[in-house]
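Nothing in this text is a laboratory measurement; each read-out follows from the coordinates by a stated rule. Since we're looking at a predicted model, the values are computed, not measured. Every residue, glycine among them, receives a Cβ derived from its backbone with ideal geometry; neighbour counts consider all protein chains shown.
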């Protein structure tokens with residue numbers, strides 16, 4: 001008879017049955033959940049003094065969860081946001097166990113009562129038009145790698161694609177013709193189509209020439225697909241280079257997601273309606289897209305100018321107006 005108190009089988013079911021079969025979460029989300037458990041289980045094993053495969057559900061107590069979260073911050077230097085991300089995984093595991101094992105409902109409630117830490121909301125980073133232009137001028141267009149870098153930076157700015165979406169872009173995902181477009185597969189395997197500029201299509205064509213439709217578009221030096229980490233490194237190098245010509249870039253932490261935000265803000269400034277931007281960037285909720293309207297100082301300044309108070313008109317006191325007193329006396 002299977003021991004229902006061991007946590008190992010529940011972890012296996014949680015990862016394979018819940019995340020993959022029931023929820024069909026994106027691969028990166030699955031890896032994030034897995035990474036949390038890779039850290040949590042050895043921590044519990046060391047604290048309880050028994051092998052990982054002999055750990056029980058009760059070994060994962062609220063006190064142990066708090067100790068684990070504290071170790072993430074103090075020993076691993078994780079931020080509050082990362083701490084909350086790890087706790088969300090533990091909450092989700094507890095909910096899964098409580099749902100399928102009624103005798104652990106009370107335990108589930110105690111684990112899910114461990115609170116998230118309040119963290120400061122991070123500032124959304126985007127580039128102004130001169131900064132984006134400076135970034136696009138950094139690649140050396142006389143080299144193959146420079147052309148690839150330029151194509152990738154332009155693609156990220158044009159489409160607002162996430163790093164993972166760009167990394168998995170295949171040749172067959174691009175349609176050419178009079179209105180070129182790309183198919184992007186985002187979070188939750190949601191698919192969206194984004195039109196691309198003629199200039200973007202022109203710089204992508206040399207990259208995909210002679211490649212099969214299933215081949216990836218953006219490759220590294222040894223013709224292997226660029227990973228999202230490689231894309232982060234590429235954008236960072238370009239930002240460091242561009243900051244030499246434009247010092248304002250040095251004050252910003254620039255990543256591929258910054259170019260995604262830049263795409264959204266620039267579209268908003270150009271008069272594109274918020275629903276179109278939501279669809280373009282693949283946001284599930286319109287609340288996410290509204291962030292761009294909240295952070296754009298240029299649009300706020302224009303709005304302020306529109307509702308600015310008019311110059312104060314100087315008028316003479318009523319009692320000095322000729323004939324007014326005589327008029328009032330006649331009433």
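Listing for the model above:
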{"item": "Helix-only mean residue ellipticity at 222 nm for the chain, each DSSP H run of n ≥ 4 adding -39500 (n - 2.57), per residue, nearest 500", "result": "-16500 deg cm²/dmol"}
{"item": "Cβ-Cβ FRET estimate between residue 119 and residue 192, R0 fixed at 41 Å, reported to 0.05", "result": "0.85"}
{"item": "For the chain: relative contact order, % (alpha-carbon pairs under 8 angstrom, 6 or more apart)", "result": "14 percent"}
{"item": "Order of 54, 83 under a 10 Å beta carbon neighbour criterion, fewest first", "result": "54, 83"}
{"item": "Segment 88-174, relative contact order in percent, only Cα pairs under 8 angstrom and at least six apart counted", "result": "13 percent"}
{"item": "Taking the C-alpha atoms of the chain, convex hull volume expressed per residue in Å³", "result": "288 Å³"}
{"item": "Distance in nm between pseudo-label sites at residue 29 and residue 13 (7 Å out along the Cβ direction from Cα)", "result": "2.1 nm"}
{"item": "Reciprocal of mean inverse Cα separation for segment 1-138 (Kirkwood radius, Å)", "result": "16.8 Å"}
{"item": "Residue exposure sequence - 267, 147 - by fewest surrounding Cβ within 10 Å", "result": "147, 267"}
{"item": "Residue order, fewest to most beta carbons within 10 Å, for 193, 280", "result": "193, 280"}
{"item": "Modelled FRET efficiency - R0 45 Å, residue 293 with residue 20, Cβ distances, 0.05 increments", "result": "0.75"}
{"item": "Contour minus Cα-Cα distance for residue 248 and residue 222 (0.36 nm per residue)", "result": "6.0 nm"}
